[in-house]
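Input: a single structure, listed below in structure tokens.
The values are calculated or read from the model by the stated rules, or taken from the named source; none is laboratory data. Values in this document were obtained by computation on a predicted structure and should not be read as measured data. We place every Cβ from the backbone using ideal geometry, glycine too, and count neighbours over all the protein chains shown.
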Amino acid sequence: MLSPPCWVEVKTLTIFFVVVLFIYLFIAVVVVCLFVCSRKVLLKMGERQDSPDDPPVCVSDSNKMFTWESLRAVWHGQKLDFLKSAHLGEAAPNTEVVLVQERRQVRILDCTKGKRPLVLNFGSCS
């Protein structure tokens, strides 16, 4: 059986990525619209007083919620997660650690002994 020409695969991948990009942009626009609408509703709830017995609705940081700065911070966090060197199902990164007793830097995989699995326990210093 003959395989399709290379340009057919490239064209198919290009179309796929363009469709994914448009879907992603559509979802991003919908999410931004929902954020703007919910911010307006929350601000109106904070202004409204139903009765003198009810305390006023206080939304923490309502002036900063759903702003471009908060969306930029969320995007930055997602980008950092994507750029991490460790991913599920792939080989673990061999980063540098400091041996406390000896006060020297070694690689994590240098601490393994034979066929035994390496168990890491990250705890608090307090």
For region 76-97 the number of residues that are surrounded by 10 or more Cβ atoms within 10 Å (Cβ to Cβ) and in a strand (DSSP E or B) is 1
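Yes/no per residue for (1) small (Gly, Ala, Ser); (2) under 30 Å from Ala28 (Cβ atoms); (3) without any contact (Cβ under 8 Å) to a residue 24 or more places away in the chain:
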position	(1), (2), (3)
Lys84	no, yes, yes
Gly89	yes, yes, yes
Glu96	no, no, yes
Lys113	no, no, yes
Pro117	no, no, yes
Hey, can you tell me all the residues within region 94-105 that are over 22 Å from Lys84 (Cβ atoms) and among the aliphatic types (A, V, I, L, M)? Leu99, Val100
Filtering region 1-38 down to residues that are aromatic (Phe, Trp, Tyr), under 22 Å from Ser70 (Cα atoms) and either at pLDDT 80 or above or not in a helix (DSSP H, G or I) (or both) yields Tyr24, Phe26
The residue from Val97, Val74 that alone is at negative phi and at pLDDT below 85 is Val74
